[in-house]
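First the structure, which I've put down as structure tokens, then a few questions once you've had a look.
The values are calculated or read from the model by the stated rules, or taken from the named source; none is laboratory data. The structure presented is a predicted model; accordingly, all values stated were derived computationally and were not measured. Virtual Cβ from ideal backbone geometry, glycine too; neighbours counted across all protein chains shown. Surface accessibility is based on the protein's heavy atoms, side chains included, excluding ligands, DNA and RNA. Shrake-Rupley method; radii C 1.70, N 1.55, O 1.52, S 1.80 Å.
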Amino acid sequence: CDWSSDVCSSDLGRHRRAVERIAVSVVGVHDGDTLTGLTSGREQIKVRIEGIDAPELGQPFGSAAKRELSEKVFGKQVEILTSHNDLYGRRVGRVLVSGRDVGAEMVHEGFAWHATHFSHDKHLAAAEAHAKRAKAGLWADKSPEPPWEYRKHRGEKTQEPAKATPVGWFWW
């Protein structure tokens, strides 16, 4: 993709998609991989950073990841390179601050995983390998749990066991 053009073509998965460049001022950070931006036309858009998955807020390093993303983008003008929305209606894209790829920085510093189930980006893979070797951020844990595993099991972990409730007749 030619970063200098407003629209370029990106090979995302099996389909080539036009990539739209959107400038926003960041007005909210939800967690370590999701933010809200305001366009010059005052349109509010929610953005999921492409190719990364940060710990959930209830996980170790979840709050630290949110804080780090906030330091990098909150109140700043950023560029979003996006081609599609996810199932939740969020724009999915690369987030650039002064030409720097914020998602790659989050992975490199150990505040997010490279989401290999969605991304085959070699730069993100290298950033994660560096963070693991350096035991940076979440990699300081002996056995960090990826957020997709946490989400999959979260319901089982927090759900109370069903309690038997008397219904109908009581037999003595």
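Tell me, yes or no, whether segment 57-77 has at least one residue that is of a type in the set (Asp, Glu), assigned to a helix (DSSP H, G or I) and at pLDDT 95 or above. Steps first, please.
Restricting attention to segment 57-77, the residues satisfying the condition of being of a type in the set (Asp, Glu) are 68, 71.
Then keep just the ones that are assigned to a helix (DSSP H, G or I); that gives 68, 71.
From what is left, the residues that are at pLDDT 95 or above are 68, 71.
Scanning segment 57-77 turns up at least one residue that is of a type in the set (Asp, Glu), assigned to a helix (DSSP H, G or I) and at pLDDT 95 or above.
Report yes if some residue within segment 42-52 is over 17 Å from the mean Cα position of the chain (by Cα) and at positive phi; otherwise report no.
yes
Taking the conditions exactly as written (in contact with a strand residue (DSSP E or B) (Cβ under 7 Å, 6 or more places away or on another chain) and touching a residue at least 60 places away in the same chain (Cβ under 8 Å)), does residue 51 satisfy them or not?
Working: in contact with a strand residue (DSSP E or B) (Cβ under 7 Å, 6 or more places away or on another chain): yes; touching a residue at least 60 places away in the same chain (Cβ under 8 Å): yes.
So residue 51 fits the description; yes.
Given the criteria under 26 Å from residue 153 (Cβ atoms) and acidic (Asp, Glu), does residue 101 qualify?
In short, no.
Conditions (1) open to solvent by 40 Å² or more (accessible area, probe 1.4 Å); (2) touching a helix residue (DSSP H, G or I) at 6+ places or on another chain (Cβ under 7 Å), marked per residue:
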| position | (1), (2) |
| --- | --- |
| 23 | yes, no |
| 26 | no, yes |
| 34 | no, no |
| 41 | yes, no |
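Can you tell me which residues in segment 78-91 are touching a residue at least 40 places away in the same chain (Cβ under 8 Å) and in a strand (DSSP E or B)?
Of everything in segment 78-91, those that are touching a residue at least 40 places away in the same chain (Cβ under 8 Å) and in a strand (DSSP E or B) turn out to be 78, 79, 80, 81, 82, 83, 84, 91.
Same structure, new question: Please go through segment 60-71 and give me each residue that is touching a residue at least 12 places away in the same chain (Cβ under 8 Å) and within 14 Å of the chain's Cα centre (by Cα), ordered by number.
From segment 60-71, those touching a residue at least 12 places away in the same chain (Cβ under 8 Å) are 60-62, 64-66, 68-70; that's our starting set.
Passing the criteria: 61, 62, 64, 65, 66, 68, 69, 70.
Here's something else I'd like to know. Test residue 4 against the stated conditions and say whether it is of a type in the set (S, T, N, Q), at pLDDT 90 or above, open to solvent by 60 Å² or more (accessible area, probe 1.4 Å) and not in a strand (DSSP E or B).
On the way: of a type in the set (S, T, N, Q): yes; at pLDDT 90 or above: no; open to solvent by 60 Å² or more (accessible area, probe 1.4 Å): yes; not in a strand (DSSP E or B): yes.
When the stated conditions are applied, residue 4 does not pass them.
Output the residue which, of all residues in segment 65-87 that are under 14 Å from residue 45 (Cβ atoms) and among the charged types (D, E, K, R), is least open to solvent (accessible area, probe 1.4 Å).
So the residue we want is 86.
Now for a separate question. Looking only at segment 109-125, decide whether some residue is under 18 Å from residue 49 (Cα atoms), in a helix (DSSP H, G or I) and under 14 Å from the mean Cα position of the chain (by Cα). Can you show your working first?
So in segment 109-125, the residues under 18 Å from residue 49 (Cα atoms) come out as 109-125.
Those still in the list that are in a helix (DSSP H, G or I) too: 122-125.
So of that shortlist, the ones also under 14 Å from the mean Cα position of the chain (by Cα) come out as 124.
Yes, there is a match, as at least one residue in segment 109-125 is under 18 Å from residue 49 (Cα atoms), in a helix (DSSP H, G or I) and under 14 Å from the mean Cα position of the chain (by Cα).
Now, a different point. If you go through segment 111-119 one residue at a time, do you hit one that is open to solvent by less than 50 Å² (accessible area, probe 1.4 Å) and either farther than 20 Å from residue 143 by Cβ or of a type in the set (Val, Ile, Thr) (or both)?
Applying the first criterion (open to solvent by less than 50 Å² (accessible area, probe 1.4 Å)) to segment 111-119 yields 111-115, 119.
With the extra rule that they be either farther than 20 Å from residue 143 by Cβ or of a type in the set (Val, Ile, Thr) (or both), the set shrinks to 119.
Among the residues of segment 111-119, at least one is open to solvent by less than 50 Å² (accessible area, probe 1.4 Å) and either farther than 20 Å from residue 143 by Cβ or of a type in the set (Val, Ile, Thr) (or both), which makes the answer yes.
Could you list, in sequence order, the residues of segment 88-100 that are open to solvent by 20 Å² or more (accessible area, probe 1.4 Å) and either touching a helix residue (DSSP H, G or I) at 6+ places or on another chain (Cβ under 9 Å) or within 23 Å of residue 144 (Cα to Cα) (or both)?
Listed by number, the residues that qualify are 94, 100.
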